[in-house]
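Only one structure is covered here, and it is reproduced in the block below.
The values are calculated or read from the model by the stated rules, or taken from the named source; none is laboratory data. Because the structure is predicted, anything quoted here is derived from the model rather than measured. Glycine also receives a Cβ, built like all others from the backbone with ideal geometry; neighbour counts cover every protein chain displayed. Just so you know, the surface numbers come from the protein's heavy atoms only, side chains and all, with ligands and any DNA or RNA stripped out. Shrake-Rupley method; radii C 1.70, N 1.55, O 1.52, S 1.80 Å.
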Amino acid sequence: MLTELALLSDDPVSAARGDVAAPEDRPRYAAALRAVADDPANALLLAEDESGALVGTFQLTRIPGMARRGATRLLVEAVRVRSTQRSGGAGTALMRWVTDEAAPALGASVVQLTSDAARTDAHRFYERLGFVGSHVGFKYTR
C-alpha cells in the first residue's frame, strides 16, 4: 500500500489536499482500501510495468442509474500515473482499457470522471482521448 500512497503524494494537487503518505495516515488509507474492496460496485486497479514496478492506479465505480433510459455509468476516480512515467503512453493505455474493455464488460454506456480545475494538462489529455467537458461539478466538503 505504501507504493500506491506514494502515487498520491507524487501529485501536487493531492499533496496540497493532505495526501502526503504520512505514516500516521496509514490506518485511514487501509480502512478506505477495505471499504473499496468490500463494495462489489468498486474496483481499485493497479498498472505495473514489465519489471513489476507500479506505474499507475485508478478506482472504478459502476453506477446503475435511471437517467439516459436506465444507463449504467462507469465513474473513474483518483487516476494517478507516476510522475516519471507521464507523457510516455501509460495514462493513454489505462484510459483506453477503461473505455474499450472495462466499460463494455460492465455494461456501462457512459464513462465519466471529474478533474480538479487546476489540472489543465489532465483536461487536455482527457479531451485528446475523446472525453468532453460537458458538466460543471459541485462538492460539499465537511
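Overview of values
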item	result
The listed residue being farther than 25 Å from ALA32 by Cα and acidic (Asp, Glu), out of GLU50, GLU77	GLU50
Single unsatisfied condition, ARG142 versus (1) farther than 23 Å from VAL36 by Cα; (2) in a loop (DSSP other than H, G, I, E, B); (3) open to solvent by 70 Å² or more (accessible area, probe 1.4 Å); (4) not aromatic (Phe, Trp, Tyr)	(1)
Filter pass, ALA103 being assigned to a helix (DSSP H, G or I) and of a type outside the set (Ser, Thr, Tyr)	yes
Criterion violated by THR84 - all others in (1) modelled with pLDDT under 90; (2) open to solvent by less than 70 Å² (accessible area, probe 1.4 Å); (3) in a helix (DSSP H, G or I) satisfied	(2)
Residues (surrounded by fewer than 11 Cβ atoms within 10 Å (Cβ to Cβ), over 19 Å from ARG73 (Cβ atoms) and not β-branched (Val, Ile, Thr)) located in the stretch 91-120	ALA117
Residue pairs meeting the criteria (Cβ under 7 Å; at least 6 apart or on separate chains; first over 16 Å from PRO40 (Cβ atoms), in the stretch 56-77; second in a helix (DSSP H, G or I) and charged (D, E, K, R))	THR57/GLU4
Leading residue by the ranking (surrounded by the most Cβ atoms within 10 Å (Cβ to Cβ)) among those in the stretch 1-50 that are small (Gly, Ala, Ser), modelled with pLDDT under 80 and part of a helix (DSSP H, G or I)	SER14
